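Shown next, in structure tokens, is the structure this report addresses.
Throughout, read-outs are computed from the coordinates displayed, never taken from laboratory work. Nothing here was measured: the structure is a model prediction, and the numbers come from that model. Every residue, glycine as well, gets a Cβ built from its backbone with ideal geometry; the counts of neighbours run over all protein chains shown.
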């Protein structure tokens, strides 16, 4: 469509003129959150990747409208790191491929957000951020600060988990 518009306007046509930035989202993002993001995507579609960095498919606004029928809002159970300070004793280096159940047990978590929609620590990070992570990303959940230390492509490979305690004033 863009190429045809350029031709009809008498402008030069080239491959570069038709290229667009790829929009990438994790497969754990809710339909409502994705619909919100879709408002800012001029292309009207996004590429979906799983926690392992594998391509899952393409999502369009039409797909989202179909998925939202009868669905509720997103339950955000994360907190910000601003009100917490880490202790030196409770810092763990973890692999992004560690199983979600293992992470849950190791950190003493009662539950995980969107449990069952992912299988690894990397998937948990995607679910918490609601986007594909980058090195240096941090997110707090249930008293733990998770920091992405290493990525292999779009896959989380190394994470630092630090227990958070309330900061004293």
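Just to compare against my own numbers: the Cα pair-distance distribution for segment 78-166, 10 Å bins, whole % per bin, please.
Pairs per bin, as whole percents: 18, 57, 24, 1.
After finding the eigenvalues of the alpha carbon gyration tensor for segment 93-143, what semi-axes result from the square roots of 5 times each, listed largest first in whole Å?
Details: eigenvalues 51, 28, 25 Å².
Semi-axes, largest first: 16, 12, 11 Å.
Cut-off 18 Å, label point 7 angstrom out along Cα-to-Cβ of residue 101: give me the residues of segment 119-150 whose amide nitrogen falls inside.
119-124
Between residue 110 and residue 15, what's the calculated FRET efficiency when r is the beta-carbon distance and R0 is 30 Å? Round to 0.05. Could the numbers behind the result be given before it?
Working: r = 52 Å, r/R0 = 1.74.
Given R0 = 30 Å and the Cβ-Cβ separation, E is 0.05.
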